[in-house]
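**Q** Okay, here's the structure, questions in a sec.
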Amino acid sequence: MKLSQLSEKDIYVNKQYKGECRGVAISLKSHAVRYLLCASTKTQSNTDYSVGIGAVLNVDDAITLSRLRPSYPRGCAKIAIGLPVYSFEGGYLGVVTDLDIRDFVATKLYTDRGESFPILSVFACSDAVILRKEQPFPLGQRIPAPLLPLFTNKTEGVVTKGVLRAAAQKKSLVKLTLSLPPFQLGI
């Protein structure tokens, strides 16, 4: 399901019109959709209430709720179509055009510039979406001593593109990655 499929759908409770869906609020920890952001009328441009996702019965032609108990989304990022997207450094990345939602868990954010970003990169969201800087993981990290003979001839080594290429060729990339922080499962 996509946010564009939810957005601007009518909301009904017991066949009574209650408004229109404008966006979703997702948990910052689990990225699960927790709330629907709603407006009371179609002409209203902003949202004035939110409803917990547990109240949703059906999302076919319209959104049908079992009850209308408005609640405030706490600990959530509010995402709606049309929000501007910025990098952590302040670079403009476009406007939100869609959000990929699978089993009510957000996975990807799409912009009008044709780019998509994993939802894990969302740092903050209010009047704009701010994406955190992507870490060039695991480049530059030290290779644990027991694994040095597998990937390099040196007595000390750091992860480089060549080391990653060699690990992939030796089919040991997973072993190398799991031995580096934050995993460090051991060897």
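**Q** Would you mind telling me which residue in G19, G157, G54 has the biggest mean-square fluctuation in a Gaussian network model of the chain, where springs connect alpha carbons within a distance under 10 angstrom?
**A** Largest GNM mean-square fluctuation: G157.
**Q** Per residue of the range 22-38, what does 6.51 cos²θ - 1.76 cosθ + 1.60 with θ = phi - 60° give for ³J(HN,Hα)? Whole Hz please, x for Gly and Pro, Karplus curve as stated.
**A** Listing the rounded values in order: 10, x, 9, 10, 10, 5, 6, 8, 9, 6, 7, 6, 9, 9, 9, 8, 10 Hz.
Taken together, the values in this text are just the output of simple stated rules run on the coordinates, not laboratory data. Computed from a predicted structure; not experimentally measured.
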